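Structure, as C-alpha coordinates:
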Amino acid sequence: MEAYNYNYNAYLSSSSSSNQIQIQSTAPSAPPLHYSSYNYSTTTNPSPYPQQQQQQQGGYYSVGGGAQPYYYAAAAAFPPGTNPEVISSFQAVDRDRSGSIDERELQSALSSVYRGFSIRTVRLLLFLFRNPRGPSDRIGPAEFAILWNCLSQWRMVFDRFDKDRSGKIDSEELKEALRSLGYAVPPSVLQIIMSNYTDSISRRGALNFDNFVECGMIVKGITDKFKEKDARYSGSATFTYESFLTTIIPFIVP
(Lines give C-alpha, C1' and ligand atoms only; values in the text may rest on other atoms or scores of the structure.)
Protein backbone atom coordinates (compact mmCIF):
# COMPACT_ATOMS: atom_id res chain seq x y z
CA MET A 1 0.00 0.00 0.00
CA GLU A 2 1.48 3.33 -1.02
CA ALA A 3 0.41 6.89 -0.28
CA TYR A 4 -0.15 9.17 -3.24
CA ASN A 5 0.25 12.81 -2.21
CA TYR A 6 -1.36 15.89 -3.68
CA ASN A 7 -1.20 19.59 -2.82
CA TYR A 8 -4.66 20.51 -1.60
CA ASN A 9 -4.29 24.11 -2.62
CA ALA A 10 -6.33 22.79 -5.55
CA TYR A 11 -9.38 22.62 -3.31
CA LEU A 12 -8.65 24.98 -0.44
CA SER A 13 -9.05 28.71 -0.06
CA SER A 14 -6.95 30.58 2.48
CA SER A 15 -9.35 33.49 2.69
CA SER A 16 -10.46 32.39 6.15
CA SER A 17 -8.56 34.02 9.01
CA SER A 18 -8.69 30.88 11.13
CA ASN A 19 -8.26 27.91 8.88
CA GLN A 20 -8.44 26.88 5.28
CA ILE A 21 -11.92 26.18 3.98
CA GLN A 22 -12.73 23.62 1.35
CA ILE A 23 -14.47 24.97 -1.72
CA GLN A 24 -16.69 22.94 -4.00
CA SER A 25 -15.68 22.45 -7.62
CA THR A 26 -18.10 23.93 -10.12
CA ALA A 27 -16.81 21.95 -13.08
CA PRO A 28 -19.55 20.61 -15.36
CA SER A 29 -19.73 16.84 -15.05
CA ALA A 30 -21.67 13.69 -15.71
CA PRO A 31 -24.00 13.41 -12.71
CA PRO A 32 -25.32 10.01 -11.61
CA LEU A 33 -28.45 9.08 -13.49
CA HIS A 34 -31.28 8.17 -11.13
CA TYR A 35 -33.01 5.74 -13.41
CA SER A 36 -35.23 4.45 -10.62
CA SER A 37 -36.85 7.87 -10.25
CA TYR A 38 -37.66 8.14 -13.95
CA ASN A 39 -40.14 5.54 -15.10
CA TYR A 40 -39.55 5.14 -18.82
CA SER A 41 -42.47 2.75 -19.26
CA THR A 42 -45.02 5.36 -18.19
CA THR A 43 -43.76 8.34 -20.20
CA THR A 44 -46.03 9.93 -22.75
CA ASN A 45 -43.53 9.45 -25.58
CA PRO A 46 -41.37 6.46 -24.71
CA SER A 47 -39.64 6.39 -28.09
CA PRO A 48 -36.89 8.79 -29.19
CA TYR A 49 -38.96 9.28 -32.33
CA PRO A 50 -42.18 10.85 -30.94
CA GLN A 51 -43.09 12.47 -34.25
CA GLN A 52 -43.64 9.03 -35.77
CA GLN A 53 -46.94 7.30 -35.12
CA GLN A 54 -46.61 4.22 -32.96
CA GLN A 55 -48.92 1.29 -32.64
CA GLN A 56 -48.32 -1.54 -30.24
CA GLN A 57 -48.45 -4.94 -31.88
CA GLY A 58 -48.06 -7.66 -29.28
CA GLY A 59 -44.57 -7.27 -27.87
CA TYR A 60 -43.59 -4.76 -30.53
CA TYR A 61 -44.15 -1.15 -31.54
CA SER A 62 -44.52 -0.21 -35.16
CA VAL A 63 -42.17 2.75 -35.61
CA GLY A 64 -41.86 4.39 -39.00
CA GLY A 65 -43.16 1.27 -40.72
CA GLY A 66 -40.78 -1.13 -39.01
CA ALA A 67 -41.41 -3.23 -35.92
CA GLN A 68 -39.14 -2.73 -32.92
CA PRO A 69 -39.09 -4.76 -29.70
CA TYR A 70 -41.18 -3.27 -26.87
CA TYR A 71 -38.08 -2.77 -24.68
CA TYR A 72 -36.68 -0.47 -27.38
CA ALA A 73 -39.50 2.01 -26.88
CA ALA A 74 -39.57 1.62 -23.11
CA ALA A 75 -35.87 2.29 -22.60
CA ALA A 76 -35.18 4.96 -25.17
CA ALA A 77 -37.02 8.05 -23.91
CA PHE A 78 -35.59 11.53 -23.63
CA PRO A 79 -36.03 13.23 -20.24
CA PRO A 80 -39.08 15.53 -20.07
CA GLY A 81 -38.34 19.02 -21.37
CA THR A 82 -35.39 18.01 -23.55
CA ASN A 83 -34.45 20.71 -26.06
CA PRO A 84 -35.78 19.78 -29.53
CA GLU A 85 -32.32 20.50 -30.96
CA VAL A 86 -30.89 17.72 -28.80
CA ILE A 87 -33.58 15.29 -29.95
CA SER A 88 -32.99 16.18 -33.60
CA SER A 89 -29.24 15.72 -33.25
CA PHE A 90 -29.69 12.27 -31.73
CA GLN A 91 -32.18 11.20 -34.38
CA ALA A 92 -29.93 12.43 -37.19
CA VAL A 93 -27.09 10.09 -36.23
CA ASP A 94 -29.14 7.12 -35.02
CA ARG A 95 -29.71 6.02 -38.59
CA ASP A 96 -30.58 2.42 -37.76
CA ARG A 97 -33.21 3.63 -35.23
CA SER A 98 -31.76 1.38 -32.56
CA GLY A 99 -32.50 3.86 -29.77
CA SER A 100 -28.81 4.18 -28.85
CA ILE A 101 -25.66 5.48 -30.54
CA ASP A 102 -22.08 4.22 -30.69
CA GLU A 103 -18.82 6.21 -30.60
CA ARG A 104 -18.80 7.05 -34.31
CA GLU A 105 -22.40 8.24 -34.24
CA LEU A 106 -21.68 10.31 -31.12
CA GLN A 107 -18.62 11.79 -32.79
CA SER A 108 -20.73 12.76 -35.78
CA ALA A 109 -23.35 14.45 -33.59
CA LEU A 110 -20.80 16.45 -31.60
CA SER A 111 -18.66 17.37 -34.60
CA SER A 112 -21.66 18.84 -36.39
CA VAL A 113 -21.93 21.45 -33.63
CA TYR A 114 -18.41 21.88 -32.27
CA ARG A 115 -16.36 21.67 -35.50
CA GLY A 116 -14.66 18.39 -34.89
CA PHE A 117 -14.34 16.07 -31.92
CA SER A 118 -11.53 13.52 -31.79
CA ILE A 119 -12.44 9.89 -31.28
CA ARG A 120 -10.23 9.92 -28.17
CA THR A 121 -12.39 12.60 -26.51
CA VAL A 122 -15.56 10.88 -27.68
CA ARG A 123 -14.47 7.61 -26.05
CA LEU A 124 -13.73 9.43 -22.80
CA LEU A 125 -17.19 11.01 -22.87
CA LEU A 126 -18.75 7.64 -23.63
CA PHE A 127 -16.97 6.18 -20.59
CA LEU A 128 -18.13 9.01 -18.32
CA PHE A 129 -21.73 9.31 -19.49
CA ARG A 130 -22.76 5.76 -20.30
CA ASN A 131 -25.57 4.09 -18.39
CA PRO A 132 -23.88 1.68 -15.95
CA ARG A 133 -26.81 -0.68 -16.47
CA GLY A 134 -26.45 -0.68 -20.23
CA PRO A 135 -23.78 -1.55 -22.81
CA SER A 136 -20.39 0.08 -22.29
CA ASP A 137 -19.98 1.14 -25.92
CA ARG A 138 -23.28 2.97 -26.48
CA ILE A 139 -25.44 5.69 -24.92
CA GLY A 140 -29.16 6.30 -25.15
CA PRO A 141 -31.26 9.48 -25.33
CA ALA A 142 -31.19 10.22 -21.57
CA GLU A 143 -27.40 10.06 -21.40
CA PHE A 144 -27.05 11.99 -24.66
CA ALA A 145 -29.23 14.82 -23.34
CA ILE A 146 -27.14 15.12 -20.16
CA LEU A 147 -23.88 15.00 -22.13
CA TRP A 148 -25.13 17.70 -24.49
CA ASN A 149 -26.03 19.99 -21.59
CA CYS A 150 -22.66 19.38 -19.94
CA LEU A 151 -20.77 20.28 -23.11
CA SER A 152 -22.71 23.53 -23.46
CA GLN A 153 -21.51 24.46 -19.97
CA TRP A 154 -17.91 23.60 -20.84
CA ARG A 155 -18.29 25.74 -23.96
CA MET A 156 -19.30 28.76 -21.88
CA VAL A 157 -16.20 28.30 -19.71
CA PHE A 158 -13.98 27.94 -22.79
CA ASP A 159 -15.38 31.06 -24.47
CA ARG A 160 -14.99 33.06 -21.27
CA PHE A 161 -11.24 32.43 -21.15
CA ASP A 162 -10.55 32.47 -24.89
CA LYS A 163 -10.17 36.22 -24.59
CA ASP A 164 -8.63 36.80 -28.03
CA ARG A 165 -11.33 34.64 -29.69
CA SER A 166 -8.67 32.56 -31.40
CA GLY A 167 -10.56 29.32 -30.87
CA LYS A 168 -7.74 28.11 -28.62
CA ILE A 169 -6.56 28.76 -25.08
CA ASP A 170 -2.93 28.89 -23.97
CA SER A 171 -1.30 27.77 -20.74
CA GLU A 172 -2.19 30.88 -18.75
CA GLU A 173 -5.79 30.85 -19.97
CA LEU A 174 -6.08 27.15 -19.14
CA LYS A 175 -4.74 27.76 -15.64
CA GLU A 176 -7.33 30.47 -15.02
CA ALA A 177 -10.14 28.41 -16.56
CA LEU A 178 -9.38 25.42 -14.32
CA ARG A 179 -8.99 27.68 -11.29
CA SER A 180 -12.44 29.16 -11.96
CA LEU A 181 -13.81 25.62 -11.72
CA GLY A 182 -12.08 24.95 -8.41
CA TYR A 183 -8.82 23.35 -9.59
CA ALA A 184 -5.53 25.17 -8.92
CA VAL A 185 -3.47 22.80 -11.04
CA PRO A 186 0.26 22.96 -10.15
CA PRO A 187 2.59 24.50 -12.80
CA SER A 188 4.40 21.19 -13.27
CA VAL A 189 1.14 19.49 -14.17
CA LEU A 190 0.10 22.32 -16.49
CA GLN A 191 3.42 21.94 -18.28
CA ILE A 192 2.77 18.25 -18.86
CA ILE A 193 -0.75 18.98 -20.10
CA MET A 194 0.40 21.66 -22.53
CA SER A 195 3.20 19.47 -23.88
CA ASN A 196 0.52 17.11 -25.19
CA TYR A 197 -1.11 19.91 -27.18
CA THR A 198 1.95 21.60 -28.70
CA ASP A 199 1.65 22.73 -32.30
CA SER A 200 4.40 21.17 -34.42
CA ILE A 201 4.85 24.38 -36.41
CA SER A 202 4.69 27.16 -33.83
CA ARG A 203 5.98 24.96 -30.99
CA ARG A 204 3.42 26.63 -28.75
CA GLY A 205 0.95 24.71 -26.65
CA ALA A 206 -2.71 25.56 -27.11
CA LEU A 207 -6.01 23.74 -26.62
CA ASN A 208 -9.03 23.93 -28.87
CA PHE A 209 -12.47 23.16 -27.44
CA ASP A 210 -12.13 19.42 -28.05
CA ASN A 211 -8.79 19.39 -26.18
CA PHE A 212 -10.21 21.54 -23.40
CA VAL A 213 -13.10 19.16 -22.78
CA GLU A 214 -10.73 16.19 -22.72
CA CYS A 215 -8.31 17.94 -20.37
CA GLY A 216 -11.05 19.27 -18.09
CA MET A 217 -12.80 15.93 -17.80
CA ILE A 218 -9.53 14.15 -16.99
CA VAL A 219 -8.52 16.70 -14.33
CA LYS A 220 -11.97 16.62 -12.76
CA GLY A 221 -12.40 12.86 -13.00
CA ILE A 222 -9.04 11.92 -11.53
CA THR A 223 -9.32 14.59 -8.84
CA ASP A 224 -12.75 13.36 -7.80
CA LYS A 225 -11.47 9.78 -7.62
CA PHE A 226 -8.55 10.93 -5.48
CA LYS A 227 -10.83 12.81 -3.10
CA GLU A 228 -12.93 9.68 -2.62
CA LYS A 229 -9.87 8.07 -1.05
CA ASP A 230 -9.00 11.12 1.04
CA ALA A 231 -12.08 11.46 3.23
CA ARG A 232 -10.31 13.80 5.68
CA TYR A 233 -8.92 16.07 2.93
CA SER A 234 -5.43 15.64 4.31
CA GLY A 235 -3.71 15.89 0.94
CA SER A 236 -2.77 12.23 0.72
CA ALA A 237 -4.56 9.01 -0.12
CA THR A 238 -3.74 5.31 -0.08
CA PHE A 239 -4.23 3.13 -3.14
CA THR A 240 -3.32 -0.42 -3.90
CA TYR A 241 -1.44 -0.80 -7.15
CA GLU A 242 -4.49 -2.37 -8.77
CA SER A 243 -6.92 0.31 -7.59
CA PHE A 244 -4.54 3.06 -8.71
CA LEU A 245 -4.32 1.60 -12.22
CA THR A 246 -8.06 0.99 -12.51
CA THR A 247 -8.66 4.57 -11.39
CA ILE A 248 -6.21 6.25 -13.77
CA ILE A 249 -6.19 4.15 -16.93
CA PRO A 250 -9.82 4.75 -18.04
CA PHE A 251 -9.07 8.48 -18.15
CA ILE A 252 -5.77 8.36 -20.03
CA VAL A 253 -6.39 5.41 -22.35
CA PRO A 254 -9.97 5.87 -23.61
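At 1.4 Å probe size, put Glu214, Glu85 in order of accessible surface, largest to smallest.
Ranked list, largest accessible area first: Glu85, Glu214.
Want the number for Arg204 to Phe244: 0.36 nm per residue separation, take away the alpha-carbon distance, what's left?
In short, 11.2 nm is gained.
Keeping the other protein chains in place, figure out the carbon and sulfur percent of the accessible area of region 109-217, with a 1.4 Å probe. Before the final figure, lay out the partial values.
Numbers: 2630 of 5380 Å².
Of the solvent-accessible surface of region 109-217, carbon and sulfur hold 49 percent.
If I take every Cα pair under 8 Å that is 6 or more residues apart in region 90-143, average their sequence separation and divide by the length, what percent do I get for the relative contact order?
35
Run the simple label-point estimate for Glu85 and Arg104 please: 7 Å along Cα→C-beta, distance reported in nm.
It works out to 2.8 nm between the two label points.
Could you put Glu143, Glu172 in order of accessible surface area, largest first, with the 1.4 Å probe and the full protein assembly present?
Glu172, Glu143
Would you kindly find the accessible area of Ile87, with a 1.4 Å probe and non-protein molecules such as ligands, DNA and RNA excluded, rounding to the nearest 10 Å²?
Accessible surface of Ile87 is approximately 40 Å².
Specify whether the C-alpha gyration tensor of region 81-153 places it in the rounded, prolate or oblate class, a ≥ b ≥ c being the square roots of the eigenvalues: rounded for a/c under 1.5, otherwise prolate if a/b is larger than b/c and oblate if not.
Rounded is the answer for region 81-153, as its axis ratio a/c remains below 1.5.
Rounded, prolate or oblate: which fits region 112-254 when a ≥ b ≥ c are the square roots of the eigenvalues of the alpha-carbon gyration tensor, with rounded for a/c under 1.5 and prolate only if a/b beats b/c?
Judged from the Cα gyration tensor, region 112-254 comes out oblate (a/c at least 1.5, b/c at or above a/b).
Might you tell me the accessible area per residue for region 212-254, computed with a 1.4 Å probe and given in Å²?
I get 51 Å² per residue for region 212-254.
Give the residues of region 101-128 whose amide nitrogen is closer than 19 Å to a point set 7 Å from the Cα of Ile222 in the direction of its Cβ.
Within reach of a label on Ile222: 120-128.
The values are calculated or read from the model by the stated rules, or taken from the named source; none is laboratory data. Computed from a prediction, not measured in an experiment: that's the story for all the values here. Note that each Cβ is placed from the backbone with ideal geometry, even for glycine, and that neighbours are counted across all protein chains shown. Accessible surface areas use protein heavy atoms only, side chains included; no ligands, DNA or RNA. Shrake-Rupley method; radii C 1.70, N 1.55, O 1.52, S 1.80 Å.
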